[in-house]
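The values are calculated or read from the model by the stated rules, or taken from the named source; none is laboratory data. All of these numbers come straight from a predicted model, not from anything done at the bench. FYI the Cβ positions are ideal-geometry reconstructions off the backbone, even for glycines, and counts take in every protein chain you see. Accessible surface areas use protein heavy atoms only, side chains included; no ligands, DNA or RNA. Shrake-Rupley method; radii C 1.70, N 1.55, O 1.52, S 1.80 Å.
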Amino acid sequence: MSHPRTTPTARTESVQDAPSARSHTGQFTPAAASTSTPPSLTDLRDHLTAHLDPPARTWLDHALDEAAAHPGLHGPISVWELRLAEAGRRCGPTHADAARVLILDAARAGTDALTRVYFQGTADERRAVLHALPHLVSGPGALPLVEDALRTNDTRLLSAAVGPYAARHLTAHAWRHAVLKCLFTGVPVDHVADLPRRASGDGELARMLADYAAERTAAGRSVPEDLYRVLDLTESTPAAPGTDHPHVKES
């Protein structure tokens, strides 16, 4: 089924409703959009080795060795937590996310450590924690961090929150609302990991999208083009029974 599209100003208006969600040019993002599998830690390390200048590479090597030698939480703050705070200055904003993910991995940060960094850290450190989740947490135990990020209007946090970890573990109800939150705030749905599979055949998501479109139209506002993209995906054939993730269920 085809859907009537609004004028080209639709997408522009919706994005202007919230701060930009753009990433840095050339940035190798630790999460992979539209897929449930993020780049491997080896890929992240190889990319940084190739793109960091010599002083930054030396700093990162030392930070990773230090984290590996003193993993886990130690007192009010661990030495590797200090390195997380330095990563932006040492590696530059383009590569800081990947550097922080590698430091968290070297420190063998579990759910408790990730939770502490998330709630005590800066927005940049919170985003790095969200990017690290699919690498470091196998089950749904870190979902409270994703849920907290989804309650914010920080588009960079939202973009990280709807990555591969959310695709694997958010319930259907929570995931649908995450997709709607992206539309509300202007985060491109390209950032929603595994979107085609999870949206496929989802009649409830289609209803929510239609209601949102109707609300905007009634208010004289344009409808984001991304809404129609997701709505088209809901009309595709769902995966065969038994292939979905056990956490993808109605709550």
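Tabulated data for the structure shown
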| quantity | calculated |
| --- | --- |
| For Ala132: the one exception among (1) touching a Phe, Trp or Tyr at 6+ places or on another chain (Cβ under 8 Å); (2) open to solvent by less than 30 Å² (accessible area, probe 1.4 Å); (3) of a type outside the set (Ser, Thr, Tyr) | (1) |
| Every residue from the range 141-164 that is touching a His at 6+ places or on another chain (Cβ under 7 Å) and either within 20 Å of Pro39 (Cα to Cα) or outside any helix (DSSP H, G or I) (or both) | Ser159, Ala160, Val162, Gly163 |
| Residue among Arg127, Arg168 that is basic (Lys, Arg), more than 26 Å from Arg90 (Cβ to Cβ) and open to solvent by 10 Å² or more (accessible area, probe 1.4 Å) | Arg168 |
| Test: Gly203 is free of Cβ contacts under 8 Å to residues at least 40 places away in the same chain, surrounded by fewer than 19 Cβ atoms within 10 Å (Cβ to Cβ) and under 30 Å from Gly141 (Cα atoms) | yes |
| Among the residues listed as Ala85, Ala166, the single one being in contact (Cβ under 8 Å) with a residue 40 or more places away in the chain and on the phi < 0 side of the Ramachandran plot | Ala85 |
| Odd one out for Ser236 among (1) within 29 Å of Asp112 (Cα to Cα); (2) over 21 Å from the mean Cα position of the chain (by Cα); (3) among the polar types (S, T, N, Q) | (1) |
| Residue match in the range 109-130 (condition: modelled with pLDDT of 95 or more and in contact with a His (Cβ under 7 Å, 6 or more places away or on another chain)) | no |
| Hey, Ala167 in a helix (DSSP H, G or I), under 23 Å from Glu86 (Cα atoms) and either within 12 Å of the chain's Cα centre (by Cα) or not hydroxyl-bearing (Ser, Thr, Tyr) (or both) or not | no |
| Unmet requirement for Ala109, which otherwise passes all of (1) among the small types (Gly, Ala, Ser); (2) over 27 Å from Ala149 (Cα atoms); (3) open to solvent by less than 40 Å² (accessible area, probe 1.4 Å) | (2) |
| Within the range 37-64, tally of residues that are outside any helix (DSSP H, G or I) and surrounded by fewer than 16 Cβ atoms within 10 Å (Cβ to Cβ) | 3 |
| Unmet criterion (only one of (1) touching a His at 6+ places or on another chain (Cβ under 8 Å); (2) farther than 16 Å from His131 by Cβ) for Arg197 | (1) |
| Count - residues of the range 179-208 that are farther than 28 Å from Pro30 by Cα and not acidic (Asp, Glu) | 5 |
| Per-region count, the range 65-86, residues β-branched (Val, Ile, Thr) and open to solvent by 70 Å² or more (accessible area, probe 1.4 Å) | 1 |
